[in-house]
Amino acid sequence: MMKQASEALEILFDLIRFDTTSRRSNLELIDYVRAFLERRDIPHDLTWNEDRSKANLFATLGEERAPGIVLSGHTDVVPVDGQEWSSDPFEPEVRNGRLYGRGSCDMKGFIAMCLAKADDILEADLPLPVHFAFSYDEEVGCIGVRGLLADLKKRAVLPKACIIGEPTDMSVIRAHKGMLFKRCTVHGRSAHSSLVHLGVNAVARAARAIAHIEDIGERIRREGPFDDQFDPPHTTLHCGVIHGGTANNIIPDRCQFDFEIRNLPDQPTLPLFEEVTAYTRELEREMHAVDETTGFEWQTLAEYPGMNTSPEEPVVDMVSRLLDDYRMPGKVSYGTEGGHFQAADIPTVICGPGSIEQAHKPDEFVELAQLDRCGAFIDALIRDMGPPGAP
């Protein structure tokens, strides 16, 4: 077992054993982290959700009144429902140089390594602080971090940079797409299927709306705008769920579907959504000719901004230099809390252990070698933040 990984492994085992699936509370894990910090007299604050069943944690290791570096991660994980695992997803196992368990890669491995390095950070007596920011409900729309950042903005001094430890194989990511997740409920009018002129078919209108959404996506795929550093290199629209109808001889009076827009950081989602709703208003005119109470109802389920950190930002150069990785920093199509940090005027990069290809899958794992590299990176960060000439 590699040295860096062995120091964080015990903590990571504990973190994985907390079932912090987004639909559940994360407070057991937060209490564990609080006890860890309190044993070291590390000051920290919590921000809560509305019913106080979940909390973010923000801790400061060092001088609170100086701008420092945030090491950020989310505590929640995706469900294991319906997945076939070779072992208990909440009972971590090490096999062939890999640690298996839900959240091992996305992203409790990074959180565990941060905690494992806390004593080293404190002993270094750095002139600038290192902050830990651990959030809730990232997996369901980057919800929790908004409260954490709202509290952070009230402080006299903002951090000068943030490193989010999402799995990137310890490479530097400076941009990701944004996302708008909508649910549409189509209200029709029921009738016997032999009397179609008396009803308004909600399933049929939903199908037409979905087809239009697909048409918009196809247009963007052909015409752009494009950014070849993303895969795919354009904004995408996708419908993933639809429910409607009760029997074939009943005209359905209700249909519901979900769709998302994953947008390039520089292409706003609002004009695209307005293009969709302009089309559904045309459908409503047809529907109202039969029944004025019919129509389309929209609900926002999740939304987060894209991130597009300039390659000239010092944090991009710093992380690349400490990793000894001078390739062009990447861009990814999945989302993180990075867009929210950037919107709060905190320059941000994504860099963490493990591969996004393992995230959300059965038998999720992180390579112990990746944890070791993450630990070596934090060691290098500590040295870099220290006073000139420090060992």
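Things worth noting here:
- The test for being touching a residue at least 12 places away in the same chain (Cβ under 8 Å), hydrophobic (A, V, I, L, M, F, W, C), under 26 Å from residue 154 (Cβ atoms) and out of contact with any helix residue (DSSP H, G or I) (no Cβ under 9 Å at 6 or more places or on another chain) does not hold for residue 349.
- Qualifying positions in segment 129-149 - aliphatic (A, V, I, L, M) and either at pLDDT below 95 or closer than 15 Å to residue 339 by Cβ (or both): 133, 140, 143, 145, 148, 149
- In segment 218-238, the qualifying residues are those that are part of a helix (DSSP H, G or I) and open to solvent by 10 Å² or more (accessible area, probe 1.4 Å), and the one that is nearest to residue 173 (Cα to Cα) is 221.
- Residue that is farthest from residue 369 (Cα to Cα) [pool: residues in segment 6-62 that are of a type in the set (Gly, Ala, Ser), out of contact with any Pro (no Cβ under 9 Å at 6 or more places or on another chain) and not in a helix (DSSP H, G or I)]: 53
- Single condition residue 365 does not satisfy, out of (1) within 18 Å of residue 132 (Cα to Cα); (2) aromatic (Phe, Trp, Tyr); (3) more than 17 Å from the chain's Cα centre (by Cα): (1)
- Every pair of residues 6+ apart whose Cβ atoms lie under 7 Å, when the first sits in segment 119-133 and is more than 13 Å from residue 60 (Cα to Cα) while the second is part of a loop (DSSP other than H, G, I, E, B): 124/386
- Filter pass, residue 214 being free of Cβ contacts under 8 Å to residues at least 24 places away in the same chain, in a helix (DSSP H, G or I) and over 28 Å from residue 337 (Cβ atoms): no
- Hey, residue 88 outside any strand (DSSP E or B), under 20 Å from residue 145 (Cα atoms) and open to solvent by 50 Å² or more (accessible area, probe 1.4 Å) or not: no
- Leading residue by the ranking (surrounded by the fewest Cβ atoms within 10 Å (Cβ to Cβ)) among those in segment 71-85 that are small (Gly, Ala, Ser) and not in a loop (DSSP other than H, G, I, E, B): 73
- The requirement of being under 22 Å from the mean Cα position of the chain (by Cα), closer than 19 Å to residue 354 by Cα and among the hydroxyl-bearing types (Ser, Thr, Tyr) is fulfilled nowhere in segment 42-59; no residue meets it.
- Elements of the type strands (runs of 3 or more DSSP E) sitting completely within segment 313-391 and holding at least 2 residues that are in contact with a Phe, Trp or Tyr (Cβ under 8 Å, 6 or more places away or on another chain) and surrounded by 15 or more Cβ atoms within 10 Å (Cβ to Cβ): these cover 330-332.
- Residue under evaluation residue 74, criteria (1) touching a Phe, Trp or Tyr at 6+ places or on another chain (Cβ under 6 Å); (2) closer than 16 Å to residue 29 by Cβ; (3) not aliphatic (A, V, I, L, M), criterion not met: (1)
- Selection over segment 207-217 of residues that are touching a strand residue (DSSP E or B) at 6+ places or on another chain (Cβ under 8 Å) and exposed (fewer than 15 other Cβ atoms within 10 Å of the Cβ) gives a count of 1.
- Of all residues making up segment 21-41, the number that are closer than 23 Å to residue 122 by Cβ, within 19 Å of the chain's Cα centre (by Cα) and exposed (fewer than 14 other Cβ atoms within 10 Å of the Cβ): 0
- Subset of segment 239-250 [in contact with a helix residue (DSSP H, G or I) (Cβ under 9 Å, 6 or more places away or on another chain) and either closer than 29 Å to residue 330 by Cβ or outside any strand (DSSP E or B) (or both)]: 239, 245
The values are calculated or read from the model by the stated rules, or taken from the named source; none is laboratory data. All figures in this text were calculated on a predicted structure; none of them were measured in a lab. Positions of Cβ are backbone-derived with ideal geometry, glycine not excepted, and every protein chain shown enters the neighbour counts. Accessible surface is based on the protein model in full, side chains and every heavy atom, while ligands, DNA and RNA are left aside. Shrake-Rupley method; radii C 1.70, N 1.55, O 1.52, S 1.80 Å.
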